[in-house]
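Readers should treat all values here as calculations from the given coordinates under stated rules, not as data from a laboratory. The structure displayed is predicted, hence computed values, not measured ones.
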Amino acid sequence: MKGQLLLQLFKPYLTPFEAEEIRAEVKELRPRMYLILEDWPWLEVRGLTELRAKALVEALKARGMKFKEIGKK
């Protein structure tokens with residue numbers, strides 16, 4: 001089953017370089033849709049399996065990003 005992952009990022013938000021890196025990583029996961037913008041407090045990815053969503057969250061934590069998981073369906 002595929003779902004949606006919505007994260008609220010805490011400051012500092014993504015730099016242009018970080019946003020581009022994360023977009024490339026997420027694109028490899030082949031989601032249905034994703035919204036990853038620089039200097040924006042939200043990160044949304046739709047159409048990932050639960051296992052891939054969990055792996056993405058762990059990868060973001062490993063980068064040292066601070067966020068709160070708002071929604072996961």
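If you fit an axis through the alpha-carbon atoms of helix 50-62 and take the longest principal axis of the Cα set of the chain, what angle between them do you get, 0 to 90°, nearest 10? For helix 50-62, the angle is close to 20 degrees. Helix 16-28 and the longest principal axis of the C-alpha atoms of the chain enclose an angle of approximately 10°. Projected onto planes of every orientation and averaged, the convex hull of the alpha-carbon atoms in the chain covers 4.1 nm².
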